[in-house]
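This report concerns only the one structure given below.
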Amino acid sequence: MLFEPVQVVTLLFFKLLKTNKMTKIFLKFSIFGALLFSACSETPKQLNKETATIEKALELTDDIVEITSTDKDGKQLEMAFNNTKGTATINLNGETIELVQEKAASGIWYTNDTYELRGKGNDFELRKNGNLIFTHNDDIVFSSLKNEAGETLDMTFNNTEGTVKIYLNGSEQIDLVAEKAASGIWYTNDAYELRGKGEKLELTKDGALVFKN
């Protein structure tokens, strides 16, 4: 009985398959093929997941500063500055506005086709089509005193925040926070205490007098 070439190959394949060696080889190639197919089919999903994770991580690392400013009428301007992207998102009267940073000589400057936001320190000004619609200016008072010994005490009071920055004899800045005083003024931090009434002030450090006029 004669066999066709295809029949011969088929008979040989099944005969070899009965041997342990051929079975192991066949199983290895089957498993490898299945794994390869699985890996190829999952690659797009994995790439999408990894891309989303990277984008989320980049968003979390953005330098974002949030500030809320209130004008004299009690109206609030909420601002979120993304210093990484150079953008600002502001909310006024329930309207969300996206702005892009411009190069300012000093302070901040953000604009879009309609709005313009400028500011310096805690002072802000928002305009719409050139018209002023929001403004906030801290109540700042400057004072400078000199005692008989020739010592100087320069002070910048921010009555809006309830803080004062003082400079004793032109030295480094000392930041103090207002406390509730029975009369006059009272500002403190962990080391310094400033008390007084009118033009008469006393500054102590760790309980020791360092300035009096």
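The values are calculated or read from the model by the stated rules, or taken from the named source; none is laboratory data. None of the values given here were measured: they were computed from a predicted structure. Note that each Cβ is placed from the backbone with ideal geometry, even for glycine, and that neighbours are counted across all protein chains shown.
Any chance you could count how many residues in segment 170-196 are hydrophobic (A, V, I, L, M, F, W, C) and either part of a loop (DSSP other than H, G, I, E, B) or not assigned by TED's automatic domain parsing to the domain that holds residue 144 (or both)? Talk me through it step by step, then tell me what you get.
Step one: list which residues in segment 170-196 are hydrophobic (A, V, I, L, M, F, W, C), which gives 174, 176-178, 181-182, 185-186, 191, 194.
Next cut, either part of a loop (DSSP other than H, G, I, E, B) or not assigned by TED's automatic domain parsing to the domain that holds residue 144 (or both) only: 181-182, 191.
Residues that pass the stated criteria total 3.
Is there a residue being surrounded by 12 or more Cβ atoms within 10 Å (Cβ to Cβ), among the small types (Gly, Ala, Ser), over 21 Å from the mean Cα position of the chain (by Cα) and at negative phi anywhere in segment 97-117?
No - not one qualifying residue is present in segment 97-117.
Output the qualifying pairs, or none if there are none: Cβ atoms under 7 angstrom, residues six or more apart or on different chains, first residue in segment 72-89 and assigned by TED's automatic domain parsing to the domain that holds residue 115 and loosely packed, with under 13 Cβ neighbours inside 10 Å, second residue not in a strand (DSSP E or B) and not aromatic (Phe, Trp, Tyr).
If the second residue must be not in a strand (DSSP E or B) and not aromatic (Phe, Trp, Tyr), the pairs left are 83/63; 84/62; 84/63.
Inspect all residues belonging to segment 203-213 and state whether any of them is part of a loop (DSSP other than H, G, I, E, B) and touching a residue at least 60 places away in the same chain (Cβ under 8 Å). Lay out the reasoning, then the answer.
Let us first name the residues in segment 203-213 that are part of a loop (DSSP other than H, G, I, E, B), namely 206-207, 213.
Pick out the ones that are also touching a residue at least 60 places away in the same chain (Cβ under 8 Å) and you get 213.
The answer is yes; a qualifying residue exists.
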